[in-house]
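Below: one structure, written as structure tokens.
All of the numbers you see were taken from the coordinates with simple rules; none came from a lab. Computed from a prediction, not measured in an experiment: that's the story for all the values here. Here the Cβ is made from the backbone with ideal geometry for all residues, glycine too, and neighbour counts use every protein chain on show.
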């Protein structure tokens, strides 16, 4: 399947309904009662496209409820790994399990860099795309509750065209969470937002993850974002894991703190080497955004 065909299927009404269809399993327990996330395990995972091997013999385990960030240079296989965890791509070799079962769409949802809202549907109806198996009244209440949790309870009757970029991503987040997934995949969902809106969305994601206890897997080019959100940062290079870093910092995390700077230095050293990292550039300015994009 070509990338264009894959994107077209995801954007179609049927594709969106399938991608955000809710779990059919019994409602899981809350995180406070033992966790409701799904563990993710890869054993000997490899993925090739024709003669090109993108990922090689990966062994990785994420306990239920953990927040993992995957970073790496463009083309290193981040999104390929995410699609495999969701069951959208099959491994060339090895095994992927979610909650000790083959991955399916039943208990997982995904957010993309683009909100992918239906322009002909109002905000509430866009969230309702993620609801199945409930009566009309129950589905509406679930969708309204999801919108309230992302701060858009008063925008349910509006059209996507009148929303800002950050608000559209909040609707996409509500749509992903309305079915209370055990696994949430985040494929650079904040990459197109301005800096302040991005931080606001990061804080919102963290709060909802802490309350709901799902497992989160974030793909990002932004090292600072990874360290702000994740329990653990995985660096992909040359088809494998070159760094598996535990983020041993209390939450909420203060951006620019010595602890964040220390861990950011370790990741950038791995990606670019100490000589490149110590070059006279503004790590928090536009130049750094271009360098590490």
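Explain nothing, just the number: relative contact order of the range 28-187, from Cα pairs under 8 Å at least 6 residues apart, as a whole percent.
24 percent
So if we plug the beta-carbon distance of residue 158 and residue 210 into 1/(1 + (r/R0)^6) with R0 = 41 Å, what FRET efficiency do we get, rounded to 0.05?
0.90
Roughly what would the spin-label model give for residue 203 and residue 53, points 7 Å off Cα along C-beta, in nm?
4.6 nm
Where a ≥ b ≥ c are the square roots of the eigenvalues of the C-alpha gyration tensor, would you call the range 161-227 rounded, which needs a/c under 1.5, or, failing that, prolate if a/b is larger than b/c, or oblate?
The shape class here is oblate.
Once R0 is set to 25 Å, what does the formula 1/(1 + (r/R0)^6) return for the Cβ-Cβ distance between residue 255 and residue 43, expressed as a FRET efficiency to the nearest 0.05?
0.10
In nm, to one decimal, how far is the residue 148 label point from the residue 194 one, both placed 7 Å along Cα→Cβ?
3.0 nm
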